[in-house]
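Participant: Below you'll find the structure I mean.
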Amino acid sequence: QKEVEQNSGPLSVPEGAIASLNCTYSDRGSQSFFWYRQYSGKSPELIMFIYSNGDKEDGRFTAQLNKASQYVSLLIRDSQPSDSATYLCAVRSSARQLTFGSGTQLTVLP
Amino acid sequence: NAGVTQTPKFQVLKTGQSMTLQCAQDMNHNSMYWYRQDPGMGLRLIYYSASEGTTDKGEVPNGYNVSRLNKREFSLRLESAAPSQTSVYFCASTGGGLNEQFFGPGTRLTVL
């Protein structure tokens, strides 16, 4: 079983809709959770992090964490074509390491 | 402030050849990492260095060696390249308490 699981997609949403990306993890001791965005041919860039249960909002992005259920999600409101990318979920496991999911490919249709 | 830099950007090797991928960061970060990314596999950790003078194996270390030359530089060496090492290699660094990692632009390696 992979430590961090994501639906690979592809996920397609129309412009202006809400995109919902989900991630589950297996290590109950995980403390910090990150969402990275990766455009095709580029390196990952951090868009959100969360470490407390509940919601964290930053502009059009909301990260949600539920440690009891071991899942973290990312909502993108008012999706734009420029949001089309692969979204990587990452979990801090131990020894300052991050474990990454395989990513969800999102396409926002104009 | 260049962040994390990697050289080269592209490389083609023949099976059995060796090469070193270079990584440097100017953010005074203690920890540095080497990942490989293959289609559908996400990022897999090859080696990491928690601080200057230390290195540890990650998930997929076989066929690789690393050197933490100083606080700024962390190199990855392929002693005898194999086609299975065809991949995109990313270097990353972190210095913060929440372990946000900053990534370099990547090296696209093809082994024929």
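The values are calculated or read from the model by the stated rules, or taken from the named source; none is laboratory data. Quick caveat, the model's predicted, so the values are computed rather than measured. Don't worry about glycine lacking a Cβ; one is built from the backbone with ideal geometry, like all the others, and counts go over all protein chains shown.
Participant: Closer than 19 Å to B:LYS9 by Cα and at the interface with chain A (Cβ under 8 Å from one of its Cβ atoms): is that true of B:GLY106 in this structure?
Facilitator: yes
Participant: Something else: Determine if the range A:70-86 includes at least one residue that is in contact (Cβ under 8 Å) with a residue 24 or more places away in the chain, within 11 Å of another protein chain (Cβ to nearest Cβ), part of a strand (DSSP E or B) and of a type outside the set (D, E, K, R).
Facilitator: Within the range A:70-86, one or more residues are in contact (Cβ under 8 Å) with a residue 24 or more places away in the chain, within 11 Å of another protein chain (Cβ to nearest Cβ), part of a strand (DSSP E or B) and of a type outside the set (D, E, K, R).
Participant: Within the range B:24-64, can you find the residues that are within 18 Å of B:GLN6 (Cβ to Cβ), in contact (Cβ under 8 Å) with a residue 40 or more places away in the chain and within 11 Å of chain A (Cβ to nearest Cβ)?
Facilitator: B:HIS29, B:SER31, B:MET32, B:TYR33, B:TYR35, B:GLN37, B:ASP38, B:LEU43
Participant: Considering the range A:81-101 alone, what residues qualify as being closer than 16 Å to A:TYR25 by Cβ, at pLDDT 85 or above and either surrounded by fewer than 19 Cβ atoms within 10 Å (Cβ to Cβ) or among the basic types (Lys, Arg) (or both)? First the steps, then the outcome.
Facilitator: Of all residues in the range A:81-101, those closer than 16 Å to A:TYR25 by Cβ come to A:87-94, A:97-101.
Among the residues that remain, those that are also at pLDDT 85 or above are: A:87-92, A:98-101.
Passing the criteria: only A:ARG92.
Participant: I've got another one for you. If A:ASP58 satisfies every condition in (1) touching a strand residue (DSSP E or B) at 6+ places or on another chain (Cβ under 8 Å); (2) under 17 Å from A:PHE100 (Cα atoms); (3) surrounded by fewer than 19 Cβ atoms within 10 Å (Cβ to Cβ); (4) free of Cβ contacts under 8 Å to residues at least 60 places away in the same chain but one, which is the exception?
Facilitator: All conditions pass for A:ASP58, except number (2).
Participant: Follow-up question, since we're still on this one. Filtering the range B:93-112 down to residues that are more than 19 Å from B:MET19 (Cα to Cα) and of a type in the set (Gly, Ala, Ser), which residue is modelled with the highest pLDDT?
Facilitator: Selected residue: B:SER93.
Participant: Applying the selection to the range B:19-45, what residues are assigned to a loop (DSSP other than H, G, I, E, B) and either surrounded by fewer than 11 Cβ atoms within 10 Å (Cβ to Cβ) or among the charged types (D, E, K, R) (or both)? Let's see the steps before the verdict.
Facilitator: We begin by selecting, within the range B:19-45, every residue assigned to a loop (DSSP other than H, G, I, E, B); these are B:26-30, B:39-41.
Result: B:ASP26, B:ASN28, B:PRO39, B:GLY40.
Participant: From the residues in the range A:1-58 that are charged (D, E, K, R) and touching a Pro at 6+ places or on another chain (Cβ under 8 Å), which one is farthest from the other protein chains (Cβ to nearest Cβ)?
Facilitator: Step one: list which residues in the range A:1-58 are charged (D, E, K, R), which gives A:2-3, A:5, A:15, A:27-28, A:37, A:42, A:45, A:55-58.
Checking which are touching a Pro at 6+ places or on another chain (Cβ under 8 Å) leaves us with A:15, A:37, A:42.
Working: A:GLU15: 27, A:ARG37: 11, A:LYS42: 8 Å.
The selected residue is A:GLU15.
Participant: Within the range B:67-103, which residues are among the acidic types (Asp, Glu) and within 14 Å of another protein chain (Cβ to nearest Cβ)?
Facilitator: Within the range B:67-103, the first condition is being among the acidic types (Asp, Glu), and the residues that meet it are B:73, B:79, B:100.
Matches in the range B:67-103: B:GLU100 only.
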